[in-house]
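Comments concern the structure below.
The values are calculated or read from the model by the stated rules, or taken from the named source; none is laboratory data. These numbers come from a predicted model, not from an experiment. Every residue, glycine as well, gets a Cβ built from its backbone with ideal geometry; the counts of neighbours run over all protein chains shown. The protein model used for the area step is the full one, side chains on, heavy atoms only, and it has no ligands, DNA or RNA in it. Shrake-Rupley method; radii C 1.70, N 1.55, O 1.52, S 1.80 Å.
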Amino acid sequence: MNVVGIRFKEAGKIYYFDSNGIELAYKDKAVLNTENGLEIGEVALANIDIDETKFDKKIKSVVRKADEVDLSIDEQNKADQIEAMEICQEKADYFHLKMKIVDAEYTLDRNKLTFYFTADKRVDFRDLVKELAIIFRSRIELRQIGVRDHAKLIKHHGSCGQQCCCSRHLTDFVPLSIKYAKDQNISLDPTKISGVCGRLMCCLSYEQDNYLEMKKLMPKYGQKVQTADGEGTVISNDLVRSCCKVKLHSTEEDELTEKTYSLNELESI
């Protein structure tokens, strides 16, 4: 089967569609037949051949390459989405619903309008949906998203000065643990290891496998080792530089000294 990989949002997941015999290039815009209706997406992977058995269900097809009319409608939809968000927030406030509308999305044919919101608790928005359906005369869907998804939408900048990884290139959020910071000998101060979303920074996972591999190779704290200067005890490890600080005992002067050695300069006792 000849397919194309499509993204509907920047740094979003790639979804596969049957190319339907249409030649598309990278970054081309295409009109797709999705479960929500007609939508415009951007080509992330141009026409590639994939074994049809790789898909667990029948995939939908590309309708056409987006033309000037499609792109014009899409631009108008995006402009209308801003007003739709304001109206939705006003109505949510009217119904005393504690929710913040953060994004809205029309399908190309405007048959469906999806609102994304954040809230501390579950929200009963049934009355709000009925009101919005009357106003917009479209099928309405409200989706509650988490703080990490919110950060991805608004494209903040992290403490590194770069745009957040989630809005730039990450397509999925991996589970994170404070253990990552401990393994990497990073400060456990929440203000230093948390992203703009308030959760642990996604970049903690990037080198975690390397740190775990190095921890297997490095001698443990308190372990006796043999060095060129005699026997000593490991008092700290630098996983990045692959070296250890060793406390040496001088029998001649009966004093303790500390010295740093690379991993290949040590032998376990």
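For region 218-228, what are the residues that are under 12 Å from Glu267 (Cα atoms) and surrounded by fewer than 15 Cβ atoms within 10 Å (Cβ to Cβ)? Correct list: Lys224, Gln226, Ala228.
Restricting attention to region 69-108, the residues being open to solvent by 60 Å² or more (accessible area, probe 1.4 Å), out of contact with any Leu (no Cβ under 8 Å at 6 or more places or on another chain) and of a type outside the set (Phe, Trp, Tyr) number 13. Taking region 179-216 as the range and being surrounded by fewer than 12 Cβ atoms within 10 Å (Cβ to Cβ), among the hydroxyl-bearing types (Ser, Thr, Tyr) and touching a helix residue (DSSP H, G or I) at 6+ places or on another chain (Cβ under 8 Å) as the test, only Ser187 passes.
Taken as a whole, the structure leaves Thr171 outside the set of residues that are within 26 Å of Ile145 (Cβ to Cβ), open to solvent by 100 Å² or more (accessible area, probe 1.4 Å) and polar (S, T, N, Q).
Restricting attention to region 43-62, the residues being open to solvent by less than 60 Å² (accessible area, probe 1.4 Å) and either touching a helix residue (DSSP H, G or I) at 6+ places or on another chain (Cβ under 7 Å) or over 17 Å from Ala25 (Cβ atoms) (or both) number 4.
Would you be able to say whether some residue in region 115-134 is open to solvent by 40 Å² or more (accessible area, probe 1.4 Å) and touching an Asp or Glu at 6+ places or on another chain (Cβ under 9 Å)? Within region 115-134 (the criterion being open to solvent by 40 Å² or more (accessible area, probe 1.4 Å) and touching an Asp or Glu at 6+ places or on another chain (Cβ under 9 Å)), the answer is no, since none of the residues qualifies.
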